[in-house]
Amino acid sequence: MTITAARVITTCPGRNFVTLKLETRGGLTGVGDATLNGRELSVASYLVDHIVPLLIGRDAHRVEDTWQYLYKGAYWRRGPVTMSAIAAVDMALWDLKAKAAGLPLYQLLGGACRENVMVYGHANGVTVEETVAEAKRYADLGYRAIRLQSGVPGLASTYGVSKTFGYYEPADAALPTENLWSSEKYLRSVAPLFEAARETLGWDVHLLHDIHHRLTPMEAGRLGKDLEPYRPFWLEDPTPAENQAAFRQIRQHTTTPIAVGEIFNTIWDCKQLIEEQLIDYIRATVVHAGGITHLRRIAALADLYGVRTGCHGATDLSPVSMAAALHFDLSVPNFGIQEYMRHTAETDAVFPHAYSFADGALHPGEAPGLGVDIDEALAAEHPYRPAYLPVNRLEDGSMHSW
Ligand code: CS2
Ligand code: MG
């Protein structure tokens with residue numbers, strides 16, 4: 001199954017996406033997501049200028065060898081740009097292999113380990129009342145797990161809260177917008193949010209929250225303890241994870257489950273957190289952690305230590321990533337939960353897909369391959385638009401994690 005052509009398609013149906021499309025001599029095509037929010041053109045260039053020339057003429061069936069070739073052959077290993085580019089190739093090769101077999105990809109990954117993939121939706125609002133009302137709307141739609149992100153009294157804006165009701169798109173300007181942050185004001189706001197949510201939603205729905213890398217380990221330990229009465233499903237990214245040992249401090253102070261990893265790119269980023277059981281869910285995702293081939297290795301390591309998967313699934317991961325993630329989620333033994341921020345209708349039109357939502361869960365469908373494609377003609381109608389993620393400063397002006 002010789003690769004004869006490769007195209008890198010950058011499109012912006014409301015937000016930017018980078019997609020790799022491979023063609024083979026037999027006429028099959030395979031797609032992979034290469035979107036890195038705010039740095040899209042870096043990955044597009046890495047693919048066009050440094051990877052595509054190496055793919056033409058290669059046997060598309062050699063998925064693992066191609067992964068090893070692109071990882072070990074690059075010399076400069078790891079990092080979000082390299083691993084997102086490798087991920088796109090990997091997704092496209094798995095897509096091709098499954099299409100050639102006439103099977104949905106999950107069947108090549110060992111078959112289904114469950115009937116469907118439980119997902120969590122995003123409820124956000126400027127106030128606790130707005131956020132809880134939005135969470136109730138998700139519960140009424142059948143979601144069994146809902147992430148709560150609310151505004152912080154005294155702060156003009158904060159992570160996860162959209163300016164216009166509904167979709168939260170963080171890459172919101174041609175140059176980074178500057179947000180102001182106060183951990184003290186934030187820490188006072190979370191327990192009241194969860195208390196109100198439990199009062200309205202009850203106990204049969206999982207409630208999640210994303211701290212987004214902003215606390216010290218001790219602040220995170222305190223917040224985890226504050227929320228224990230409300231039984232969160234997880235607290236996400238409580239503190240910057242470059243220092244993985246710091247999570248020992250959080251573990252000493254709270255039993256609230258911890259989820260980390262959406263910005264991780266290889267198994268090495270996850271190793272200590274998993275081996276020391278400092279986390280309960282690993283969030284590494286198919287597009288930023290080297291594709292399906294590498295994500296399966298991360299999940300296998302996590303399984304040894306009782307850590308479950310909780311893959312990142314924000315709208316800056318295209319429907320190609322969502323489709324690939326669902327085949328992975330359906331087949332991996334230690335599945336936990338899948339994030340699912342619904343894409344806009346404009347995005348869905350560019351990326352027709354087979355996955356579907358019902359009863360708080362997604363299923364990848366039975367179409368051969370990933371079950372997703374890119375409408376290149378429609379994609380061409382949405383040219384790339386520079387868009388940066390915000391930056392975050394403390395109220396005294398010090399730079400802080402966004
Ligand atoms: C967030 C993301 O979905 C999440 O858990 O952390 O929205 C993240 O901020 C974006 O993917 C960044 O592009
Ligand atoms: Mg997150």
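The values are calculated or read from the model by the stated rules, or taken from the named source; none is laboratory data. Only a predicted model underlies this, so the values are computations on that prediction, with no experimental measurement involved. Here the Cβ is made from the backbone with ideal geometry for all residues, glycine too, and neighbour counts use every protein chain on show. Ligands, DNA and RNA are excluded from the accessible area calculation, which covers all protein heavy atoms including side chains. Shrake-Rupley method; radii C 1.70, N 1.55, O 1.52, S 1.80 Å.
Helix 63-72: angle to the longest alpha-carbon principal axis of the chain, degrees 0 to 90, nearest 10? Roughly 70 degrees between the two axes.
By how many degrees, 0 to 90 and rounded to 10, does the Cα axis of helix 319-331 deviate from the longest principal axis of the chain? Relative to the chain, helix 319-331 is tipped by roughly 80 degrees. Let's test the formula: R0 of 45 Å, r as the Cβ-Cβ distance of Arg198 and Leu378. What FRET efficiency results, to the nearest 0.05? For R0 = 45 Å, the calculated efficiency reads 0.55.
Using only the Cα atoms of segment 51-149, build the gyration tensor, take square roots of its eigenvalues as a ≥ b ≥ c, and label the shape rounded, prolate or oblate: rounded if a/c is under 1.5, else prolate if a/b is larger than b/c, else oblate. It comes out oblate by the Cα gyration axes. The separation of segment 195-274 from segment 356-382, counted between C-alpha centres, amounts to 31 Å.
Using C-alpha pairs under 8 Å with a sequence gap of at least 6, the mean separation divided by the residue count of segment 91-144 gives a relative contact order of 23 percent. In terms of accessible area, using a 1.4 Å probe and ignoring ligands and nucleic acids, Arg385, Arg248, Arg25 rank largest first as Arg25, Arg385, Arg248.
Here the chain has 54 percent of its accessible surface on carbon and sulfur atoms, given a 1.4 Å probe and all protein chains in place. Quick check: from the Cα gyration tensor, does the chain come out rounded (a/c under 1.5), prolate or oblate? Prolate.
A DSSP coil position with no more than 13 other Cβ atoms inside 10 Å describes the following chymotrypsin sites (Phe, Trp or Tyr not before Pro) in segment 125-182: Phe165. Within the listed set Gln68, Gln249, Gln149, the residue fluctuating most in the Gaussian network model of the chain (springs between alpha-carbon atoms under 10 angstrom) is Gln68. For segment 3-104, the square roots of the Cα gyration tensor eigenvalues, ordered a ≥ b ≥ c, give a/c of at least 1.5 with a/b no greater than b/c, which places it in the oblate category. In the chain, if the dipole is taken from +1 on Lys/Arg beta carbons and -1 on Asp/Glu beta carbons about the Cα centre, which of Tyr143, Ser189, Ala87 is farthest to the positive end? So the residue we want is Ala87.
In this Cβ point-charge picture (+1 for Lys and Arg, -1 for Asp and Glu), the chain has a dipole of about 740 debye about its Cα centre.
The largest accessible area among Tyr186, Tyr388 belongs to the first residue in Tyr388, Tyr186, and the rest follow in falling order (1.4 Å probe, all chains). Pairs from the table (Lys163/Lys225; Lys185/Lys271; Lys97/Lys271; Lys136/Lys225; Lys21/Lys72) lying more than 27 angstrom apart at Cα are Lys163/Lys225; Lys185/Lys271; Lys97/Lys271. Projecting the Cα positions of Met218, Thr266, Pro383 onto the charge dipole of the chain (unit charges on Cβ atoms of Lys, Arg, Asp and Glu, taken about the Cα centre) puts Thr266 furthest along the positive direction. Normalised by the number of residues in the chain, the average gap of Cα pairs under 8 Å and 6 or more apart makes the relative contact order 23 percent. The charge dipole of segment 157-239, taken about its Cα centre with unit charges on the Cβ of Lys, Arg, Asp and Glu (plus for the first two, minus for the last two), comes to roughly 180 debye.
Accessible surface calculations at 1.4 Å, restricted to protein heavy atoms, place the chain at 39 Å² per residue. What longest region of the chain stays clear of GluC sites (Glu not before Pro) that DSSP places outside H, G, I, E and B and that have at most 12 other Cβ atoms within 10 Å? Result, exposed sites excluded: 116-241. Placing unit charges on the Cβ atoms only, positive for Lys and Arg and negative for Asp and Glu, gives segment 3-104 a dipole magnitude near 60 debye about its Cα centre. By DSSP, the beta bridges lying fully in the chain are antiparallel in about 50 percent of cases. Tell me the relative contact order for segment 3-104 as a rounded percent, counting alpha carbon contacts under 8 Å between residues six or more apart. In percent, rounded to a whole number, it is 32. For Arg78 and Leu175, a Förster radius of 25 Å and the Cβ-Cβ distance give a FRET efficiency of 0.35, rounded to the nearest 0.05. Under 20 Å Cα to Cα from Lys99, which aspartates and glutamates show up? Leave out anything in the same chain fewer than 8 places away. Within the straight-line limit of under 20 Å, Lys99 reaches these aspartates and glutamates: Glu23, Asp33, Asp59, Glu64, Asp65, Asp90, Asp329, Glu366, Asp373, Asp375, Glu376.
Taken over segment 200-357, the alpha-carbon convex hull comes to 123 cubic angstrom per residue.
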